[in-house]
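Beneath this line is the structure, given in C-alpha cells, with notes to follow.
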Amino acid sequence: MNQDINLDIYTNRQLVEGCLEKLYDIIKKAIQAFIDGQMQKTTNQQALNDLKKSYNKDLLGMLTFFIQNYEDIIVFFNLGDKRLIRSRLFELKQARNDYAHNREYNNIRDVTRIYDTCLYLFDDLGMDPSYDTYQLISFIRNQLIIKEAKLIYNQQQNNNQQNQFQNNIQNFIPPQNHLNDNNNYDQYDQQNQYYDDDPYNY
C-alpha cells in the first residue's frame, strides 16, 4: 500500500472515478462468484444463460443486477442486514449516475461518503481487509477525512479572524481631534494668556 498518495493532485471528481472503478472490480467478482455458485446448484442451463444475460457488464448494469437479485445474493454470501445492504447498493447506484451526469462534487464530504459506503459494502461481502483494493479505498477515505477536517479548521480560523476584526472595528473609539476642537484652544488661551502677536510673552 503506497502511503505517499497526494490527494491534492486529484480533483474530487477524479477521486470518485477511482472509487467507482474499484467498486466495479469488486461487484464484478461478486456477481461472477454468485453465478458460478448458481451453476453448481442447477442443471437448468437455459436459466443460467438467462441469468448471465440479465445484466449489462458495466457498473450500472451490475449494480442493477445486484439490487434485483439481492435476496438470493445475500443468501449465497450469507450476508447481514439485507435492508442496509440494499440501501448501500442504491446509494452507490446513485453515485454512479451522478458521476455519469458530470456532477462536480464541490463538497469533499460527498466524496468521503462514497468511499465510506464502498467500505461498508466490502465489509458486507466479507472482503479481507488485507486485500489491496480494501486497503487502498480505506487509506484514501481516511485521507479525505483528514483533508476535510483541515478545511473545516482553516475555515473556522478564518471566521474567527474575521469576527475578531469586526469586533475591533465595532469597539474602536476614535480619539478626540484636538486640531478641530476650538473650545480646547480657547480654554488653553485663557489659562496661559497666550497671544499670537507675542509668542514669547510669559
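Sorted ascending by nearby beta carbons within 10 Å, beginning with the fewest, Leu63, Leu136 become Leu136, Leu63. Rounded to the nearest whole Hz, the Karplus-based 3J(HN,Hα) values (6.51 cos²θ - 1.76 cosθ + 1.60, θ = phi - 60°) of region 98-107 follow the sequence 4, 4, 5, 9, 6, 5, 8, 6, 6, 9, with x at glycine and proline. Each label point was placed 7 Å from the Cα along the Cα-to-Cβ direction; for Leu60 and Asn160 their separation is 4.7 nm.
Of the residues Glu104, Glu148, the one with the fewest other Cβ atoms within 10 Å heads the list, and the complete ranking is Glu104, Glu148.
Taking a sphere under 13 Å around the Cβ of Ile67 and counting the other residues whose Cβ falls inside, with K and R at +1 and D and E at -1, yields a net charge of +3. Arg96 sits among other residues whose Cβ lies under 12 Å from its own Cβ, and their net charge, with Lys and Arg +1 and Asp and Glu -1, is -3. Other residues whose C-beta falls under 14 angstrom from the C-beta of Asn12 contribute a net charge of 0, scoring Lys and Arg +1 and Asp and Glu -1.
Calculated on the alpha-carbon coordinates, the convex hull of region 7-154 measures out at 109 cubic angstrom per residue.
The simple Förster model, with R0 at 41 Å and r as the Cβ-Cβ distance, assigns Arg86 and Lys150 a FRET efficiency of 0.75.
With 29 Å as the limit, write out which pairs from Lys93/Lys147; Lys22/Lys150; Lys57/Lys82; Lys41/Lys82; Lys57/Lys150 have Cα-Cα distances beyond it, or answer none. From the list (Lys93/Lys147; Lys22/Lys150; Lys57/Lys82; Lys41/Lys82; Lys57/Lys150), the Cα-Cα distance tops 29 Å for Lys57/Lys150. Taking each residue as 0.36 nm, the span from Gln46 to Asp72 lengthens on full extension beyond its C-alpha to C-alpha distance by 7.5 nm.
Read the figures in this text as sums done on the coordinates, not as results from a lab. Since the model is a prediction, treat every value here as computed from it, not as a measurement. Cβ atoms come from the backbone with ideal geometry, glycine included; neighbour counts cover every protein chain shown.
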